[in-house]
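A short worksheet on the structure shown next.
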Amino acid sequence: MGRVKLLTILLFFLSTGSSASQIETQIEQFIAQVEHKRLQNTYPDARIHIQVQNKVALNYLPECSHDIHIENQRPDAVNRTTYSISCDTPTWKSYVPVEQNILIEGIKATSPIGRGDRINEQNTGIGEVDLSSLRGHLYTSSNPPYGLIASRNIRINSFITDHVTERPNLVKKGSNVLITAQSNSIVVKMNGVALEDGVKGQQIRVKNTSSGRIIYGKVVSDAEVLVNY
């Protein structure tokens, strides 16, 4: 009687293991054929790793007579997500946690960069970082932050995003500027004084030195603002 009981338990665990192996294999195929390709299309230069978590829980699922249905519940996630897995015969549905690592190359500080300091090739380098650890848009070698300034202190080996950078002022308050007024084909130029700091593309107040009139103009260079009529 004891041998029969032992054999029954053994067959149960062998059957359960077979079910888990079947389900795990189909999930791995889904990752390779669907999810990895999808993420690689979104992040073409990234190294991508996808790993199913808590595989032990698969042992408790009945064997499915057909292929299981798998769906990513959070396709926009860059780190943790969940796959729903379901079977038609017998009918059941479950969820498995999945860990994703999307590693891309970006610009990082190779020395401390103080607030207000200019970011350049001398104080930065290239490194690899997991997207989930970042806040903001990461600067890369194809879109470097050179010429921008640090909006806060940047520690060594920190990756640089648009959360820690800002454009430098091209025009300083009190500096002399050329005011270019344009309306269709008519262009008029006059001297003026900037009444506030301004970055490229920003609208600032300027004073016409001849008339004393205060107007708004768009910064186009370190010595010119444009006024459209």
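Across the stretch 60-71, computed HN-Hα scalar couplings (Karplus, 6.51 cos²θ - 1.76 cosθ + 1.60, θ = phi - 60°) run 8, 8, x, 5, 9, 6, 10, 4, 7, 9, 10, 9 Hz from first to last residue, x flagging Gly and Pro. The long axis of helix 2-30 is offset from the longest Cα principal axis of the chain by roughly 30 degrees. Among the trypsin sites (Lys or Arg not before Pro) found in the stretch 57-151, those both in a DSSP coil and sparsely packed, with 10 or fewer other Cβ atoms within 10 Å of their Cβ, are Arg135.
Against the empirical curve 2.2 N^0.38 Å, the C-alpha radius of gyration of the chain lands at a ratio of 1.74. Hydrodynamic analysis of the stretch 176-228 uses the Kirkwood radius over alpha carbon pairs. Inserted into Stokes-Einstein at 10 °C and 1.306 mPa s, it gives a translational diffusion coefficient of 149 µm²/s. Extension gain for the segment Tyr95 to Val34, taken as residue separation times 0.36 nm less the Cα-Cα distance, is 20.2 nm to one decimal. For Arg74, nonlocal amide neighbours, meaning residues 5 or more places apart or on other chains whose placed amide H falls under 5 Å from its own, are Thr82. If you take the Cα centroid of the stretch 163-229 and the Cα centroid of the stretch 45-107, the two points sit 55 Å apart. What you get for the chain, charging only the Cβ of Lys and Arg (+1) and of Asp and Glu (-1), is a dipole of about 980 debye around the Cα centre. Sparse packing (at most 12 other Cβ atoms within 10 Å of the Cβ) combined with a DSSP loop state is found for the following GluC sites (Glu not before Pro) in the stretch 69-153: Glu121. The alpha-carbon of Lys55 sits under 13 angstrom from the alpha-carbons of these aspartates and glutamates, leaving out residues fewer than 8 places away in its chain: Glu24, Glu28, Glu99.
Taking only alpha carbon atoms, the stretch 83-210 gives an Rg to Rh ratio of 1.30, where Rh is the Kirkwood radius.
Values in this text are rule-based calculations from the coordinates and carry no lab data. Computed from a predicted model, the values in this text were never measured in an experiment. Cβ sites come from the backbone with ideal geometry, for glycine too, and all protein chains shown count toward neighbours.
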